Amino acid sequence: MSGSAPTAEPATGWGRVMRRKPISVLNAESGTDTGGGELRRSLGVARLTMIGVGSTVGTGIFIVLNEAVPKAGPAVVISFVLAAITAALTALCYAELASTIPVAGASYTYAYATMGELIAFVVGACLLLEYGVAASAVAVGWGEYLNALLGDVVGWQIPAEFSAPPGEGGILNLPAAVLVSACCLLLVRGAKESATINAITVCIKLAVLLLFVAVAFTAFNAENAQPFAPFGAAGVGAAASMVFFSYIGMDTVSTAGEEVRNPRRTMPLALFWCVVIVTSIYLLVAIAGIGAQPWQDFEGQDAGLAAILGNLTGSGWPAIVLAAGGVISIFGVTLTTIYGQTRILFSMGRDGMIPKVFHTVHPRRRTPVRNTLIVSLFVGLLAAAVPLNTLANLTSMGTLVAFTVVSTGVVILRRTRPDLERGFRVPGYPVVPALSIAACLYLISQLPWTTYLMFAIWLGLALTLYFTYSVKHSRLATADLDA
């Protein structure tokens, strides 16, 4: 592996699990200052922005209004704003850390450099919820959208037994397995090729959403937004924690640090444009949807946006367009979330937190092929055989915890290493990181207690792995022994 040996730290007690990885070693391993590294640097601002948008704009916005509007009424627009502010504040913190430590691993790596090994491993476990489990949950719904499209276009559908997982009326979700396999093949070929395909899918699904906005605004009626907040602040908060699920994925940008050209400049710009594009689209869709029909009609409405367009136009073409948008959207989200998961595990494998197979790079393609195959197998099996809809809130919990750690890391690094080169600095420091942390904690507080229980069990499993394997195989532990 490239890079000098990490600085030795105490090998026993609390110091052992809280040892931090030197930033100089992180940058040396990734080739940040030399333009080299183990992975091929092929991504610019446009492709990286599309990776972030592709990972963020997924099935959530196609269905979230049906779930969120009954909780907040027309004030769901404020819920979207609260979620957007949380995402934007955190994106600013990500931008500073990504320009300072532009390596694979995202918030896991940032935590390793600022808070220590144990916290970094916990963050890695949270990211497994955000990427791996979320990719499976998203892939589960692909069969439904595909069947809707097939039914409208050719009048035939895949039998329910083979288009849904057990527990949801099926035996095996074959479309989900096929989807994950296709994403795996693309990722094995390389990041540049995958990013190109993703950019195409992003343009298509944004066009579908803009079509919805254009048609819905022709029927806009301000009276549909009355009363504006029938359930008060509590309803707005509950809807905001749900709506936030639609913003998950923007931090995928920071997992590509070792495959980006000029990362100190490229990554902050990509994060900025990702937040701007996603927030603009979401607010337009929310306002157009609320104005197009009475807010009471959202509850129990199937096919969400397609149903609204169908009611407005009186024809079946909206269902076809929205179903096609769903098929393409899920493909893009699955592709980018699997990509993000492999790059996080790549970084953890390099650190010795997990087996080295996750850090093995194909000599010709310069991609983590074995890592990609393992992750795709895991995601595919879950998507094909397990109903995962109940894990949406758990995914939000893992993401919000990771976001909180990133914002805290900005404060720690400013105090401990003010001398570091930073391609971007958070404006309004330290107020912005503090607001980001507060916003994340607020959304966490709105999650149901069952999510806390599942999250505690997940962390218990993660800590068991850390203390039985990772703490002994850590590269920093090797440095201790060699010192």
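Each value in this text was obtained by applying a stated rule to the coordinates, not by laboratory testing. Since the model is a prediction, treat every value here as computed from it, not as a measurement. When we count neighbours, we look across all protein chains shown, and the Cβ atoms used for this are built from the backbone with ideal geometry, even at glycine.
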Farthest toward positive dipole pole in the chain [+1 Lys/Arg, -1 Asp/Glu at C-beta], among Leu463, Ala68, Ser241: Leu463
Relative contact order (%) - criterion: Cα under 8 Å, at least six apart; region: the chain: 32 percent
Cβ-derived FRET efficiency at R0 45 Å, Phe217 paired with His362, nearest 0.05: 0.40
Links that overshoot a 29 Å alpha carbon limit, given the list Lys21/Lys205; Lys205/Lys356; Lys71/Lys205: Lys21/Lys205; Lys205/Lys356
Separation of the Ala46 and Ala160 label points, Cα + 7 Å toward Cβ, nm: 4.6 nm
Region 273-287 - phi-based ³J(HN,Hα) in whole Hz, Karplus 6.51/-1.76/1.60, Gly and Pro as x: 5, 4, 5, 4, 5, 5, 4, 4, 4, 4, 5, 4, 5, 5, 5
Region 298-377: C-alpha gyration tensor shape, a/c 1.5 cut-off, then a/b vs b/c: prolate
Helix axis angle, 191-217 relative to the chain longest principal axis, alpha carbon, degrees: 30 degrees
Cα-based Kirkwood hydrodynamic radius, the chain, one decimal, Å: 22.7 Å
Rounded Å value of the spacing that divides the Cα centres of region 240-303 and region 100-162: 15 Å
Per-residue [θ]222 nm for the chain (sum of -39500 (n - 2.57) over DSSP H runs n ≥ 4, rounded to 500): -21500 deg cm²/dmol
Using θ = phi - 60° and Karplus 6.51 cos²θ - 1.76 cosθ + 1.60, couplings along region 177-182 (whole Hz; Gly, Pro as x): 5, 5, 4, 5, 4, 5
Potential lengthening between Tyr429 and Cys203 on full extension [0.36 nm per residue; Cα-Cα distance subtracted]: 77.9 nm
5 angstrom amide H check on Leu43, placed H, neighbours 5+ away: Val260, Arg261
